[in-house]
Structure formats: structure tokens, C-alpha cells
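FYI, it's all coordinate maths here, none of it is from the lab. What you are looking at is a predicted structure, and each value in this text was computed from that prediction instead of being measured. With ideal geometry, Cβ positions are generated from the backbone for all residues, glycine too; neighbour counts draw on all protein chains shown.
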Amino acid sequence: MLVSEDKKSHILISTDIEYELEKLTKKLKPNRVVLFLRDEFKIEDAKAVVAEAYKSESQTKYIILAAQSFNSISQNSLLKVLEEPPKNIEFIIISPTKSNLLATVRSRLPLVKGDISHSVKEVELNLAKIDYAQIFAFLKQNIRISKSEAKGLVEAIYYRATVVDMLILSEEQLDNFDRAYRLLELNSRPQSVLALILMGFVL
């Protein structure tokens, strides 16, 4: 949870963005708060954020970027202002998963874990004994998921494999997870990405 004195720039990981925004609005009063709430945070949003950041302020202003997904171009365009913010500007980025964010963004701001407990996906697959029929059924069940939902499933599969099934992943399997995040960021079909990961568990 966000502690009351934590009013500096940070990244907040939470699946309940509206709940976190409500809490932050109360917590940050009476400071000025400028909110950029999007489904997908795009380059035009990043440009608007940078323009807002460079409006001079005599008191602390909080710029909140909240989205289900952030494309890589928009994130890259924010790196300079995140590393060297103008005077009296603090940034808060809210994302449902840290995999949404580039490592270069995560390295510039501390991570704070918010409310994720009630929305963590569970994957009902025994990855130690998975077969092609189970993979096909799983892909069919998730045929219409969005990019952000697919990222959540990738994290859930990783959790299932390493924590629930207690598997020691091979280098190839770990590479598949890394590739999955990159492919989703490039707007690859979620089903193809999930298939890439799951096929790596078939003996």
C-alpha cells in the first residue's frame, strides 16, 4: 500500500486503477493533480504529459499517468522528463503489471505495490503434465483477450509454473517469457504469444 509520506515520483502497480486514483486524489490534496487516464497510453499522450510538465509551477504538481497498457514509443519519449523532472513536478505511473513498462522506465522510478490481490488471474493448467489438447482448449477459451489481458495471463502462467508447479525453467522457457512480453508490445496476436509459451512446456 502507498504510505502517507510517499508523495514522491513512483510507479504504482495495481489492477484496480480507479480505486488507486480515488485514494491518491484524497492523499495529494491540496496539491494540484493532472490526470492522464487511458486504456492505452500512446505517443500523443506522452507529448501532452511532457508539455504539462514544463508548465512552471510554484507549488508541487502531480502528473498521474494511468493506463491498462503503455506502448514503447510513448515510454521512450518520457525517459528524459522522468529522469530530470522540472522543478515542483512529481510523476505517478499506475499500471496493472510491471511488465507493461520498459526496464528503462522502471529504473527511473521506485516501484510501489498497490491493490492486486483480488484480480490476480489463476491458470488451471498443470504445466508439468500439459499436452496439446489442453493447450488448444486454453487458447480457444482465451480467443478474444486484449493485449493487457494477455500480459496478465503471461504473468499468471509464469507464477503457475514457478510457484504452484515448482518447475525449474530451462533457458529456452525463460527466453520464451521474455519474447512474449516483447511480442505483445509489438501487437502480436495474443493467442500466438500464449501458444509460444505453452508449447515450451510440452515434453
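Return one number: the angle in degrees, 0 to 90 and rounded to the nearest 10, between the long axis of the Cα atoms of helix 190-199 and the longest principal axis of the Cα atoms of the chain. Computed tilt is about 50 degrees. Once backbone amide H atoms are built at 1.01 Å from N, residue 93 has 10, 11, 12, 65 as its partners under 5 Å, excluding neighbours fewer than 5 places away on the same chain. Volume per residue for segment 42-143 equals 137 cubic angstrom (convex hull of Cα atoms). For the chain, the longest principal axis of the Cα atoms and the long axis of helix 147-159 meet at an angle of about 60 degrees.
Amide H to amide H distances under 5 Å link residue 61 with 89, 90, where only residues 5 or more positions off or on other chains count and H is placed in the peptide plane. Once the other residues with Cβ under 15 Å from the Cβ of residue 200 are scored (Lys, Arg +1; Asp, Glu -1), what is the net sum? Here the count lands on -3.
Around residue 38, what is the net charge, scoring Lys/Arg as +1 and Asp/Glu as -1 over all other residues with Cβ under 11 Å from its Cβ? That sum, taken over residues with Cβ under 11 Å, equals -3. Taking N as the residue count of the chain, its C-alpha radius of gyration divided by 2.2 N^0.38 Å amounts to 1.13.
Within the same chain, aspartates and glutamates fewer than 8 places from residue 87 are excluded, and of the rest, those with a Cα less than 16 Å from its Cα are 52, 57.
Rounded to the nearest 10 degrees, the inclination of helix 171-185 to the longest alpha-carbon principal axis of the chain is 50 degrees. Cross-link partners for residue 27 among the aspartates and glutamates, with Cα-Cα distance under 19 Å and sequence neighbours closer than 8 places in the same chain left out: 5, 6, 16, 18, 90, 115.
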